[in-house]
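The values are calculated or read from the model by the stated rules, or taken from the named source; none is laboratory data. Computed from a predicted structure; not experimentally measured. Every residue, glycine among them, receives a Cβ derived from its backbone with ideal geometry; neighbour counts consider all protein chains shown. All accessible areas refer to the heavy atoms of the entire protein, side chains included, with ligands and DNA or RNA removed. Shrake-Rupley method; radii C 1.70, N 1.55, O 1.52, S 1.80 Å.
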Amino acid sequence: MVRVAKSDLSLRDTLNIGQTFCWNFDSKCQVWQGWIDGVLCTAEEGKRFISFDGPSERQIEHYFSLDLNWSEIHKSFPKDRILHQSIKQFPGLKIVREPWWECTCNFICSSLKQVGHIQQINNKLRVGFGSKVKKDRFSFPSSEVIAQVQEKDLRDCQLGYRAKHLHTAANQIARQEFSFESEIPHVGIHEAENRIQKLRGVGNKVANCILLYSGEYLDAFPIDVWMERVLLEHYFTKSKKMPNRVKTLDFMRKYFGPYCGIAQLYLFHWVRTISKNA
């Protein structure tokens, strides 16, 4: 059993906002169930601590990025009212580090899908093609496994047209036409964006999601409709529409600095939260 102070981590703010899709909250038992580095995990919140059962302390620390100096990251940001309001509102929000292949699958399947739908797809892929770990709990299938199944079987997992994208991407990896481990680390963000977009179904937004949530590129900055709303209302106030994506990304990286991906995470959660409460 590993314990983490609740003051350091909010499971609600971290696990249910579209970074990861392998976690579920059991309201009956009041526990979170999910996966960390392929290890089945149960997390229970007490008054002061969150108790984790399954992964090691190092795995938990790494997965939730608790090894980052969050105080220094916050100090590095410009004096931005909206961002610091978000940091104050969500002090326990952390960025996760997902397994890269699972993360890639999630975001290839994310187009026009809400968080709950992507969670369902993630579970269907596990149940349909993963290995049984415990009762009804299954590991996430590898790219080699997905490459061997029929595209129609993927469509049965509610992927729709995304099935072809996922099946092709899995085959690209299985045939060694693309390797995340050898092509992505140790290159700059622009080159990493270009390289990972070799995969079928990976455009600029999906590329930045993968780089941010599994590649540890903290200067990746995904832009979806929620972020466009924030950027137009608070950062490009004189524009009727967004500048092109390259100019927007360059501006946000210069404005927020090397941790602009973490700034994006706060802003993304903030705008979705105020929208729900409006």
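Descriptive notes on the structure:
- Extension gain (nm, one decimal) between S239 and K28, 0.36 nm per residue minus Cα-Cα: 71.2 nm
- Placing unit charges on the Cβ atoms only, positive for Lys and Arg and negative for Asp and Glu, gives the chain a dipole magnitude near 960 debye about its Cα centre.
- Sulfur and carbon atoms: percent of accessible area, the stretch 1-107 [1.4 Å]: 46 percent
- Just the protein heavy atoms count here, and of the accessible area of the stretch 118-175 at 1.4 Å, carbon and sulfur take up 46 percent.
- Database remark: amide H of F49 closer than 5 angstrom to the amide H of K6 (H placed geometrically; neighbours at sequence offset of 5 or more, or on other chains; Pro and chain starts carry no H).
- Taking other residues whose beta carbon is less than 11 angstrom from the beta carbon of I262, and scoring Lys, Arg as +1 and Asp, Glu as -1, yields 0.
- Per residue, the stretch 144-228 exposes 46 Å² of solvent-accessible protein surface, assessed with a 1.4 angstrom probe and all protein chains in place.
- Computed FRET value (nearest 0.05) for V115 with D156, which takes r as the C-beta separation and R₀ as 25 Å: 0.75
- Evaluated over the Cα positions of the chain, the convex hull gives a direction-averaged projected area, one quarter of its surface, of 15.2 nm².
- Theoretical gain in end-to-end length, K135 to E72 [0.36 nm per residue, Cα-Cα removed]: 18.4 nm
- Computed over the stretch 67-155, the P(r) curve from all C-alpha pair distances, binned at 5 Å from the origin, holds 3, 10, 17, 17, 12, 11, 10, 8, 8, 3, 0 percent per bin.
- Accessible-area order (highest first, 1.4 angstrom probe) of the listed residues R272, R126, R48: R48, R272, R126
- Of the residues S65, S139, S239, the one that moves most in a GNM of the chain with alpha-carbon contacts below 10 Å is S239.
- For the stretch 143-278, fraction of C-alpha pairs farther apart than 18 Å, in %: 61 percent
- One Cα centroid belongs to the stretch 83-109, the other to the stretch 21-73; the line between them spans 13 Å.
- Length, then width, then depth: along the principal axes, the Cα atoms of the stretch 177-227 run 32, 23, 16 Å.
- Where only C-alpha atoms are counted, convex hull volume of the stretch 216-267 per residue in Å³: 73 Å³
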